[in-house]
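See structure below.
The values are calculated or read from the model by the stated rules, or taken from the named source; none is laboratory data. Remember, it's a predicted structure, so these values are computed and weren't measured experimentally. Cβ atoms come from the backbone with ideal geometry, glycine included; neighbour counts cover every protein chain shown.
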Amino acid sequence: MKTKTMKTKLIYSVIIIMMMLTTNSCIKDNFDFNKWDREVQYDASFALPAAWGDLAFIDFIELYDSTGLLIENQDGYVSLQYKTYVNSDTVQSIIYLNDQETSGTVASPVFNFAGFDDFGDTISYVYTQNMVFTMFNPEAEIDSILLKTGILDVATNSTYGHSARLYITFPTVTKNGVPFSKTFTYVTGGGYANSLNNDFSGYKVDMTQTATGFNEIPVNIRLTLYYSGSSVPNTGNLTFDADMKGMRYSMMHGYFGLNTLFFESDTIDINLFRNDDWEIERYEFRDPKFNVYYWNSYGIPSQFYFTHLVANSALDDMDYNIIDYGVGLPVGESNPFDVSYATVAGQTKLDSLKLNKTNSNIVDVVNKRPKWIQFKAKATTNPAGNNHNNFVTEDSEIAVEVVMELPLWGYIYNFNMRDTMEIDVDDLFNEYNPITRALLRIDIKNGFPIEIFGQIYFVDQYYNVLDSIFYTYQERLLSAAEVDGNGRVLDFSRKVTKIEYDKERLEKLRGCKYMIYGGQANTTGANVNEVVKIYSDYRIIFDVGFEVDLEIGGNIDTITNEL
Amino acid sequence: MKKYIILLIFAGVFSMTQAQQALTLYNMDRVMQSQFVNPSIDVPYKLHIGGLLIPIVGQLPPPLYFNYANNSFYWNHIYHKKPNTVADTAYMLDIPLFMNRLHKNNHLRFDTQFELFNLGIKLENMFITVALTERFKYGVSLPYDIFEFALNGNMPYMLESKPHDFSGLGVNFTHFREFAVGGSMKANDDITVGARMKILFGLANVTTDFKDFSIYTDPEDYSLTAVTDMKIHASLPIYFDYLIHSTDGHLDSLDFNINELSVDAFMADGEFGAITKYMTNFKNIGLGFDFGATYKFNPEIEFFASVTDFGFISWNTNPQNFISKGEYDFRGIQVEVWQNEDDMNETMEKLVDTLFNTFKFELIETGYVTWLPSSIYVGGKYKFHELLHFTALYRGEFYRKTYMQSLTLGVNSNLTNFLSAHLTWSLANNYAGNVGFGLSARMGFMSWYVITDSFTNMIWPQKAKNVNIRMGCNMVFGYKKIKSNASLRS
């Protein structure tokens, strides 16, 4: 009995030990990653925002403000503007100052040497000569010049045996009321005496003090001889030469004569009709305008006229003249425009000429889809003849701005564009692409009276369509905002577009080589010629987000290697 | 380098060691430590002495308490054997099961205590105790939604129009020393009451307080709304440099580094000096209380209740409070009418700045207060036989917005004058497989005890939500058998 009990205890002990060992082994396995089957499975779905915007049309206006492409016009809605700004040659190249020169000789016969025979005796000769200015225009009669820059060189030579002194004075060339004057001294036996690079900056030149009364200034000459001895002959002469060089004026008054200011040929590109990336089937601009603005800071009566003003049509590539119905569009020399001119220095006069649908053929021209407008122009001064009230300043100019304004009041029907882009979709077909579904969500609140149809086609190398982004008409459409009777938007039109790609749909893109994308836009009611107005406070609000389903499944080592 | 090694050692000690769970100990009246969870317990010795500071007795074994608790999952909920498989690679990662086991807030908590000294003296009608204990509490809290977001994405919640709530996210680490003086006495023949007052000396703390941290995905436009109301508090021997460099409101860079000067100052007197400085820090004072009461309903039935760790610590050593409060609606990149690349870059910078300012933590260096995770115990004892008592114990604990509960049923027996044994089953940490035991054995004046609330979890750690052990040795004198009124059945 006792043996049996011992045996039983032994068996139980062995069983318990075996169980403990087995249990221990099992526990270890629970923490042994070598026992892991290496299989992973990860499924997650994320929805995230990508981008958003709340863009008012005014933002675009501000963006293009520097180029003036879009403006808020005086009626409160928006205009497309195409313009160019040209000015004539600079005033200093039309009305300028030439280098001027005057010279003279004082010979001994002009002196009376009687009593000139003792040391301390002096004799003088004084006279005035006029320095005549050669002007930019033979007709010009200049009264005064305020010099900005200029230098005067005076060269003299005395052959008198006696010592001498020469005084040259320009009594009407003054600075702060002091005339310009130079003195030259000669020793016994004579010699050269020069004064170079005398600065004339800031000097006022009065040209009205001679008998002629313009284009001249008097020069006072005084030569004094000092007795130098009985052996010194009373013969000889003195020559002088005065050169005014490099003169530029700050201001000039007088009569400037008839001058012609040329405006080089210029072109306004009208990209709306010129751009090859899009086409427009039909459109109307209710109130196109063609404006010419003049800025004149010349103090000279002037006339302006176009010598060439045409619009080139994108329809037939023909040139069409822009003509007015008697409001004075200055085309041709015989039909100039009297430009207002400054009456005081520093003033700039603005003048303008405006063509619209009632006084010109601008509507017809716009309907011809003008790709560009080209013009050449001239301006002439003093058409009425002599007038000494002319003035110019150093920066006087006549400038012209030509503006083609297309107020966004009207309609556009079938504005369309299309383009092709090469794409590579190979990565989408990676075996371990973890994306099983992707959805792009575009939420647009359209505050513009414009409906848009968009589409993207995926095609193979032979341009066979493999798939398109949208399948239905409704998917393609972004409705226009509703408008009231005046063509003003009443409320937003909202559209939520979802573009979803799952694995099955993605398979359609296999072999895709190109993406052809295009769109079409119409203003509200354009099909029945309903007109709308685009105001600067129109807005478009959008949110773009995406959903993506991720799935990673399989052996982690394989996935790691393949990724 | 040495400085960092010392710091790492500190960190290591902390990582080994964090509310006190004593489901089996609660009814072990022969172990003086049961007064830690119910100060009204009547201990049958006239004198107790124990703790690490007591030579030899204090080290055989060292008086240690360790508790790991996870309220939601165990290892096999992540990695387990595939059913009906015997292959070499028979184990699998099981994310669906893991997700299924997660709770709203998932707390992984640790609590470690070293008793430095304890003393219990029986007076006329009173039992006085004095205890000095080194306590470490640490843990991490992970909200369900953080796993939901990472493993399932944000779409499932988006479709339900509910936010991902990460406010449960948090870390907590506290090292403090507890000096407790307690007493229990009979109020009358039926009621015994007890209390312990504890002066707490905080030594190190890092804790988070996320009142709000959520991300809501709008199902309409997928925009993300993030809301934060977060605080991170730290009181450590060293402190951090936190500098934000910005120009004209734009963030340039952010520095977050350990302040070298504080490290140098801490290590100025060498490693031993640093340890001494750390261990003798009395700047962070706190106060705590334990209360308990026992009611003898009749000779066979007792009821008891206690509240433990009701208290706080005021942290004043290098206090740093990182506070973030904001709300941000992210709709993606804002598309504007950019005139040039600079404008576009400016938009991106604005986005980064706004994001940063939303989550930006402001640093405030003022003291702060942390509360201890208090526990309440309510239970009863049925003395079926002098040697066989049945007990039931309910425990509740407030921990980081979560009320944790457990229920323990026990069989207790003071088998002999020198040996007592206790067997418990607990429904704790949302797990019903906790079988615990306690054993107390006395040999002369030496009284050993070893207790666990879940020895089954020690055998099968892969299924452990709770690992719990308490052991130690007390010197005991003057055993007086407490007569059981159920002795009539003996």
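The figures follow:
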quantity: Filtered residues of the stretch B:455-469 (kept if assigned to a loop (DSSP other than H, G, I, E, B) and away from chain A (no Cβ under 14 Å)); calculated: B:LYS465
quantity: Hits in the stretch A:371-419 - residues which are under 27 Å from the mean Cα position of the chain (by Cα), assigned to a strand (DSSP E or B) and under 30 Å from A:ARG282 (Cβ atoms); calculated: A:LYS371, A:TRP372, A:ILE373, A:GLN374, A:PHE375, A:VAL402, A:VAL403, A:MET404, A:GLU405, A:LEU406, A:PRO407, A:TRP409
quantity: Answer residue from the stretch B:429-454, given it is in a loop (DSSP other than H, G, I, E, B) and under 21 Å from the mean Cα position of the chain (by Cα) and is farthest from B:SER34 (Cα to Cα) among those; calculated: B:ASN430
quantity: Every residue from the stretch A:463-488 that is assigned to a strand (DSSP E or B) and either outside the structural domain of A:SER536 (by TED's automatic domain parsing) or modelled with pLDDT of 90 or more (or both); calculated: A:VAL465, A:LEU466, A:ASP467, A:SER468
quantity: Qualifying residues in the stretch B:319-354 (those that are assigned to a helix (DSSP H, G or I) and among the polar types (S, T, N, Q)) - the one farthest from the other protein chains (Cβ to nearest Cβ); calculated: B:ASN345
quantity: Selection within the stretch A:510-536 - β-branched (Val, Ile, Thr) and farther than 30 Å from A:LEU428 by Cβ; calculated: A:THR523, A:THR524, A:VAL528, A:VAL531, A:VAL532, A:ILE534
quantity: Selection status of B:PRO96, at pLDDT 90 or above, loosely packed, with under 15 Cβ neighbours inside 10 Å and farther than 27 Å from B:LEU372 by Cβ; calculated: yes
quantity: Selection within the stretch A:295-310 - within 12 Å of A:THR381 (Cα to Cα) and among the small types (Gly, Ala, Ser); calculated: A:GLY299, A:SER302
quantity: Out of A:LYS357, A:LYS378, A:LYS445, sole residue that is surrounded by 15 or more Cβ atoms within 10 Å (Cβ to Cβ) and not assigned by TED's automatic domain parsing to the domain that holds A:ASP319; calculated: A:LYS445
quantity: Contacts under 8 angstrom Cβ, first residue in the stretch A:381-397 being more than 14 Å from A:ASP338 (Cα to Cα), partner at pLDDT below 90 and in a loop (DSSP other than H, G, I, E, B), 6 or more apart; calculated: A:PHE391/A:ALA345; A:THR393/A:ALA345; A:THR393/A:GLY346; A:GLU397/A:SER88; A:GLU397/A:THR90
quantity: Single match in B:ILE285, B:ILE275, B:ILE232 (criterion: among the hydrophobic types (A, V, I, L, M, F, W, C), part of a helix (DSSP H, G or I) and within 26 Å of the chain's Cα centre (by Cα)); calculated: B:ILE275
quantity: Check on A:GLY485, out of contact with any Asp or Glu (no Cβ under 9 Å at 6 or more places or on another chain) and more than 30 Å from B:SER223 (Cβ to Cβ); calculated: yes
quantity: Cβ-Cβ under 6 Å pairs, at least 6 apart or on other chains, the stretch B:397-416 side closer than 23 Å to B:SER72 by Cβ, far side among the small types (Gly, Ala, Ser) and assigned to a loop (DSSP other than H, G, I, E, B); calculated: B:GLU397/B:ALA19; B:PHE398/B:SER374
quantity: Single unsatisfied condition, A:LEU506 versus (1) more than 41 Å from the chain's Cα centre (by Cα); (2) aliphatic (A, V, I, L, M); (3) at pLDDT 90 or above; calculated: (3)
quantity: Single unsatisfied condition, A:GLU39 versus (1) buried (at least 16 other Cβ atoms within 10 Å of the Cβ); (2) modelled with pLDDT of 75 or more; calculated: (1)
quantity: Some residue of the stretch A:10-18 being more than 30 Å from A:ASP266 (Cβ to Cβ), within 14 Å of chain B (Cβ to nearest Cβ) and at pLDDT below 80; calculated: yes
quantity: Flag for A:ILE398 being modelled with pLDDT of 90 or more, within 21 Å of A:VAL91 (Cβ to Cβ) and buried (at least 16 other Cβ atoms within 10 Å of the Cβ); calculated: no
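So that you can scan it fast, the table gives a plain yes or no per residue for (1) more than 14 Å from every other protein chain (Cβ to nearest Cβ); (2) under 30 Å from B:ASN318 (Cβ atoms):
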| position | (1), (2) |
| --- | --- |
| B:GLU134 | yes, yes |
| B:PRO143 | yes, yes |
| B:ILE146 | no, yes |
| B:SER161 | no, no |
| B:SER167 | yes, yes |
| B:GLY170 | yes, yes |
| B:GLY202 | yes, yes |
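The rows are residues; the columns are (1) away from chain A (no Cβ under 14 Å); (2) at pLDDT 90 or above.
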{"position": "B:THR208", "(1), (2)": "yes, yes"}
{"position": "B:SER214", "(1), (2)": "yes, yes"}
{"position": "B:LEU224", "(1), (2)": "no, yes"}
{"position": "B:PHE240", "(1), (2)": "yes, yes"}
{"position": "B:GLY249", "(1), (2)": "yes, no"}
{"position": "B:PHE272", "(1), (2)": "yes, yes"}
{"position": "B:LEU287", "(1), (2)": "yes, yes"}
{"position": "B:LYS296", "(1), (2)": "yes, yes"}
